[in-house]
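Every number in this text was worked out from the coordinates using simple rules, so none of it is lab data. As the structure is a computational prediction, the values presented were derived from the model and not from experiment. When we count neighbours, we look across all protein chains shown, and the Cβ atoms used for this are built from the backbone with ideal geometry, even at glycine.
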Amino acid sequence: MVGREKELRIRFAPGRCELVEEDVDIPSRRVLITGATGLLGRAVFKEFNENNWNTVGCGYRRAQPRFEHVNLLDSIAVHDIIHDFQPHVIVHCAAERRPDVVEGQPDAASQLNVAASANVAKEAAGVGAFLIYISTDYVFDGTSPPYKETDVPNPLNLYGKTKLEGEKAVLENNEETAVLRIPVLYGEVERLEESAVTVMFDKVQFSNKSANMDHWQQRFPTNVKDVAAVCRQLAEKRMLDPSIKGTFHWSGNEQMTKYEMACAIADAFNLPSSHLRPITDSPVVGALRPKNAQLDCSKLEMLGIGQRTPFRAGIRESLWPFLVDKRWRQTVFH
């Protein structure tokens, strides 16, 4: 379903260009993405935008010119964009997701992860929007995986605690909410530091220097494209079935430590991995991490929702632009 709107466009003709008013098709399903400038938010924006949704993204530091500039801590700004746009669906990707940063800036993290989320949920309820709140596997302590949605959370670090508090806050303010817990993410990054997975690429590439890699914590690296597809499928199912709400889990299904991910990255680009050293002790610095917070995804799978990109294929696509030695292109892709 689409609506018609007038839009000014530039038309080029020999020797001149002119502004003309043209009819454009505007999809009638409206979705608002918070944190649309981030790694996950960009993928979610693209997924909805390419599948016949009228999609608006908002961001803060990197918003212009593509996205709306909205400070989520400004309750009036949040009210205005939601009430002006009247979205059917809001996907709330914005968060402070770096555990060590949260430990160092607890008040700021709580403001964004809890207070702002509660306010987004309240405003979503005000316009009858279905809210998808992105949460984390770090709400679990990692001692008895795999975790179902009904298992009791017990976060080990402040990041997990703020995201769990955020879950409770959005559900209290808006019963028509889906909480989507996901694990460590990777995808098309603007900088390698955007993902705890892609940040390892330099250590993999510079094989003249040995690198210690964690071989203790069990992770399930998940492509942001797959999470974005889950969000869209969940939203479209919800528009047909109002009972779609509550807590859901989604995750890649390849279990890997960071050491194993680094070896897989090396393999994907035909790079050596002998300089990578597995460290099997639990880390002693930084925020505590759960050893294995594997998520049981059967609830979404039973609904026919989900997709999974094989790690080697996904990581090659994500890291290809950051390959230093371009001679490897010949062996990888030809």
Checklist entry - Quick one: what Rg and Dmax do you get for region 246-285 from the alpha carbons, in Å? => result 14.2, 46
Next on the checklist: Residues of region 154-171 with backbone nitrogen within less than 20 Å of a virtual label 7 Å along the Cα-to-Cβ line of Q111, please, listed as ranges.
Outcome noted: 158-167, 169-170
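To the nearest 20 debye, what charge dipole does region 46-138 have about its Cα centre, counting +1 at the Cβ of each Lys and Arg and -1 at the Cβ of each Asp and Glu? List each step's numbers first, then the result.
Values: 7 positive and 12 negative charges, 35 e Å.
Result for region 46-138 is approximately 160 debye, rounded to the nearest 20.
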Next on the checklist: Given points 7 Å out from each Cα along the Cα-Cβ axis, report the V152 to A313 separation in nanometres with one decimal.
Outcome noted: 4.1
Checklist outcome for this item: Along the dipole axis of the chain (charges at Cβ: +1 for Lys and Arg, -1 for Asp and Glu; origin at the Cα centre), the most positive-end residue among Y138, P290, F220 is F220
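Ranking request for peptides 138-145, 219-226: highest mean number of other beta-carbon atoms within 10 Å first, then the rest in descending order.
The peptides rank, most packed first, as 219-226, 138-145.
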Checklist entry - Say we join alpha carbon atoms closer than 10 Å with springs in a Gaussian network model of the chain; which of E301, E260, E47 then has the biggest fluctuation? => result E301
Item to check | Proximal lysines to K209, defined as alpha-carbon separation beneath 27 angstrom and excluding residues fewer than eight positions away on the same chain | outcome: K258, K326
Checklist entry - Using θ = phi - 60° and the Karplus form 6.51 cos²θ - 1.76 cosθ + 1.60, what ³J(HN,Hα) does each residue of region 222-228 get, whole Hz, x for Gly and Pro? => result 10, 6, 4, 4, 5, 5, 4
Checklist outcome for this item: Taking the dipole of region 189-334 about the Cα centre (Lys, Arg +1; Asp, Glu -1; charges at Cβ), the one of I315, F248, G304 that reaches farthest to the positive side is I315
Checklist entry - Which translational diffusion coefficient, to the nearest whole µm²/s, is obtained for region 94-158 from the Stokes-Einstein equation, given a Kirkwood hydrodynamic radius over C-alpha pairs, 4 °C and 1.567 mPa s? => result 96
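Can you give me the orientation-averaged projected area of the convex hull built on the Cα atoms of region 88-204, in nm²?
Details: hull surface 34.1 nm².
Mean shadow area of the hull around the Cα atoms is 8.5 nm².
Computed over the Cα atoms of region 223-334, what is the ratio Rg over Rh, Rh following Kirkwood? The partial results should precede the final answer.
Numbers: Rg = 18.2 Å, Rh = 17.1 Å.
My calculation of the ratio gives 1.07.
Specify whether the C-alpha gyration tensor of region 247-312 places it in the rounded, prolate or oblate class, a ≥ b ≥ c being the square roots of the eigenvalues: rounded for a/c under 1.5, otherwise prolate if a/b is larger than b/c and oblate if not. Spell out each step's value before the answer.
Numbers: a/c = 4.07, a/b = 1.43, b/c = 2.84.
Oblate.
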Checklist outcome for this item: In units of 2.2 N^0.38 Å, the Cα radius of gyration of the chain is 1.06
Checklist entry - For R277 and L323 in the same chain, what is the full-extension length gain: residue separation times 0.36 nm, less their Cα-Cα distance, in nm? => result 14.4 nm
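Length gain on complete extension for the stretch D80 to R61, per 0.36 nm per residue less the alpha carbon to alpha carbon distance? Walk me through the numbers before you get to the answer.
Values: separation 19, 0.36 × 19 = 6.84 nm, distance 1.89 nm.
Here the segment from D80 to R61 would lengthen by 4.9 nm.
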Checklist entry - Suppose every K and R has +1 on its Cβ and every D and E has -1 on its Cβ; what is the size of the dipole of the chain about the Cα centre, in Debye to the nearest 20? => result 920
Item to check | Fully extended contour minus Cα-Cα distance, from E175 to E103, at 0.36 nm per residue | outcome: 22.9 nm
Checklist entry - Which of the peptides 147-154, 52-59 is most tightly packed, and how do the rest follow, going by the mean number of other Cβ atoms within 10 Å of each residue? => result 52-59, 147-154
